[in-house]
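Down below is the structure, laid out as structure tokens.
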Amino acid sequence: MRRWLLATTLLLLTPPVALAAEELAAEVEPGEAVSQIDRDIAAARAAFELASQRNDLEAALQAQRQMVSLLGTAHGNDARELVDPLLQLADLQFAAKKLPAAAQSLERAIAITAARDDIFSYALVQPLSDLASVYNRIGKSASAVEALRRARHITHRKLGILNLEQLDIADQLAESYFQMGQLGEANRENRFAFRVNERQYGPDSPELVPALNKLGAWYERIGLHPVARRNYRRAVELIENAYGPDDLRITDPLRRLARTYLVQDEPLKEGQATLQRAIGIYASNPNADVVEHAGSLVELGDWFMLARRRDKAMEVYTRAWNLITDEGANPEKAEALLGRPFRLRFHPPLTDENMLRGAPEVHIDVSFTVTPAGIARDVQIVGGTAHWQMKRDFRTALHKAKFRPRFENGTAVATEGVTFRYTYVLRGEGTDPELWSESIDGSSDQEFP
């Protein structure tokens, strides 16, 4: 959905009511009377513009709803003149988190466009995509898929089956299928998007690297790390062939490749060597981004933490901190990289759908301290809807988790009162529950692989 950034399009130096009156007067032929409905529309437009200037979302919503109603009275409730105001209303409703209302506005705009223009009008593509975004957020993934497939069919008719314009639609379709638990369909959409890119750029072009990285990230997400590695290795090869083995562009797929080994119980030396190659490229290139260089060092420190080489890990973390903060570089970035604990490994207790007691999801609220050694201590179950046995097993498992500790002034420190909500979700009948976590205050979100 488009963001509500409307004030920048307005003539802020002219009072909105006066501006609307001047525009209305300019549109009227000499001797022609101005109808009351035209005056009301001008007043609603002025109220909307004033609310936009003041960044008053609720007032803008009220004015835009009135605008749509007045235009319906003036032109008919299925008139083409309502389409853009309805789409703008949907944007406002989306910004105000009035999602069912946003869906209704989009549905009405789509119906008018299809009736007045054509059911295959290209003007339907973006509204259908926006409608799918809303549907996904209100739990109507099946309806989202229907809208997206309709939008993609329109692009196929106009631009061909392998057109680039459909890539965002394919991404949304993949996410919708994933939310529905249909991993096979989600995988098909991700592979189709890659095929479109490969057809566009060719199999040996370095321009294919972003698509390879994206496909690799998908396979990481669903735990197929060997398949992800094949994509990242291919990305490395394409960059090497085009730009040489020490080009900075190669560092991104190298770090991605290394990460696929990090998630294993016993990180392999190949992954560590891959990451150290990326670090070496950063170190030897004067144009390297300092924050990216430091980020690669943090990842190396994570390797050492998981390999039970804590002293070496702390040495590398400190190097990363100093790299960013030395010579006044960017202490805020150091805080972003190392200013809070980060979960490196956690094996949540397995469960099955019977433990959910008929609910589509249950959650467990926990509070704990992350020590300077990266261990969870003082683990407390502070709430939740899960079965008591799940809570007990979860508490036991969290004691075995490994974290990157928080740093202050380059030194690892304890972080008390870390609070998270872990949620088990059943994504379809016959599937095993999946798990994700978020801070109880909603400030962050980290999905389990």
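Could you look through segment 150-165, keep only residues that are out of contact with any Leu (no Cβ under 7 Å at 6 or more places or on another chain) and in a helix (DSSP H, G or I), and pick out the one that is surrounded by the fewest Cβ atoms within 10 Å (Cβ to Cβ)?
Filtering segment 150-165 for residues that are out of contact with any Leu (no Cβ under 7 Å at 6 or more places or on another chain) and in a helix (DSSP H, G or I), the one surrounded by the fewest Cβ atoms within 10 Å (Cβ to Cβ) comes out as ARG157.
Identify, from the list ASP130, ASP118, ASP168, the residue that is surrounded by fewer than 21 Cβ atoms within 10 Å (Cβ to Cβ) and under 30 Å from GLU361 (Cβ atoms).
The conditions single out ASP168.
Could you check segment 200-223 and list, in sequence order, the residues that are surrounded by fewer than 16 Cβ atoms within 10 Å (Cβ to Cβ), among the aliphatic types (A, V, I, L, M) and modelled with pLDDT of 95 or more?
ALA217
A quick yes/no check of all residues on (1) charged (D, E, K, R); (2) at positive phi; (3) at pLDDT 50 or above:
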| site | (1), (2), (3) |
| --- | --- |
| PHE403 | no, no, yes |
| THR419 | no, no, yes |
| TYR422 | no, no, yes |
| ARG427 | yes, no, yes |
| PRO433 | no, no, no |
| GLN446 | no, no, no |
| PRO449 | no, no, no |
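For segment 54-70, which positions are part of a helix (DSSP H, G or I), under 29 Å from the mean Cα position of the chain (by Cα) and not aliphatic (A, V, I, L, M)?
Across segment 54-70, the qualifying residues are GLU58, GLN64.
Please go through segment 71-86 and pick out each residue that is in a loop (DSSP other than H, G, I, E, B) and of a type outside the set (Gly, Ala, Ser).
If the condition is that a residue be in a loop (DSSP other than H, G, I, E, B) and of a type outside the set (Gly, Ala, Ser), then ASN77, ASP78 are the ones that fit.
Pairs under 7 Å by beta carbon, first residue free of Cβ contacts under 8 Å to residues at least 24 places away in the same chain in segment 201-226, partner surrounded by fewer than 14 Cβ atoms within 10 Å (Cβ to Cβ) and of a type outside the set (A, V, I, L, M), six or more apart or different chains?
From segment 201-226, the pairs are TYR201/GLU207.
Residue-wise test of (1) assigned to a loop (DSSP other than H, G, I, E, B); (2) of a type outside the set (Asp, Glu).
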{"residue": "GLN200", "(1), (2)": "no, yes"}
{"residue": "PRO203", "(1), (2)": "yes, yes"}
{"residue": "PRO210", "(1), (2)": "no, yes"}
{"residue": "LYS214", "(1), (2)": "no, yes"}
{"residue": "GLU220", "(1), (2)": "no, no"}
{"residue": "VAL227", "(1), (2)": "no, yes"}
{"residue": "ASN231", "(1), (2)": "no, yes"}
{"residue": "VAL236", "(1), (2)": "no, yes"}
{"residue": "ASN241", "(1), (2)": "no, yes"}
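The values are calculated or read from the model by the stated rules, or taken from the named source; none is laboratory data. As the structure is a prediction and not an experimental result, all values here were calculated from the model. Counting neighbours? That spans all protein chains shown, and the Cβs are built from the backbone with ideal geometry, glycine included.
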